[in-house]
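These notes concern the structure reproduced below.
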Amino acid sequence: MIFTADDLRHLVIRDTLNYLNDWSQAAENLLLGTAAQESGLGGWNKGRRVGLYHITPAMHRAVWDKYLINNPALASEVRGMAGQHSFLRAPHGELITNLKYATAIAWMIYRRCGQKLPEANNIVELGKFWHRYFHPKAKGTVADFVSSYQLLIKTTEMAVA
């Protein structure tokens, strides 16, 4: 882990969700749990999956080609978070080097499902939401999500309190 869960929560996730006018405690906890489950808050590459959220290039393209294409104002906001030249040369590289852009794309994966988020502090239900909408064919389970959340996030929150 190269930064704390608290750093990720306050400096990246909350700021990104506020920029997109989509902040809620549930969205913030879901994205933080997703980063914990997918990369342990710092393992950047796993096969075809890249970045903090282990998003595949195919999923990245699908967000743009099947969701953001129908939401031009939102697409403009998300595109504005990417580096001007690097996005054109290597758009998937932004998922590795640009944490706010990667967070915006991870949020779009959830947002495009159009479902109401679970309660913010119900980690099991957040895990079910992750499993159903983020990586439904992943080897990880809801129990893995809960375990990652408790290990990497809850312990940090308790240490800060």
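The values are calculated or read from the model by the stated rules, or taken from the named source; none is laboratory data. Given the structure is predicted, the values throughout are model-derived calculations rather than measurements. Please note: Cβ atoms are built from the backbone with ideal geometry, for glycine as well, and neighbour counts cover all protein chains shown.
Taking helices (runs of 4 or more DSSP H) that do not extend beyond the range 11-78, which have at least 1 residues that are basic (Lys, Arg)?
14-19, 57-62
Matching residues to (1) aromatic (Phe, Trp, Tyr); (2) modelled with pLDDT under 95:
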position: 14; (1), (2): no, no
position: 22; (1), (2): no, no
position: 55; (1), (2): no, yes
position: 60; (1), (2): no, yes
position: 74; (1), (2): no, no
position: 87; (1), (2): yes, yes
position: 103; (1), (2): no, no
position: 111; (1), (2): no, no
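Look through 27, 5 and report the one residue that is at pLDDT 95 or above, crowded, with 17+ Cβ neighbours inside 10 Å, among the small types (Gly, Ala, Ser) and closer than 26 Å to residue 153 by Cα.
Going through 27, 5 in turn, the sole match is 27.
Of all residues in the range 94-137 being of a type outside the set (A, V, I, L, M, F, W, C), touching a residue at least 40 places away in the same chain (Cβ under 8 Å) and assigned to a helix (DSSP H, G or I), which is nearest to residue 59 (Cα to Cα)?
So the residue we want is 110.
Identify the residue in the range 138-149 that is part of a helix (DSSP H, G or I) and in contact (Cβ under 8 Å) with a residue 12 or more places away in the chain and, among all such residues, is surrounded by the most Cβ atoms within 10 Å (Cβ to Cβ).
Checking each candidate, the answer is 145.
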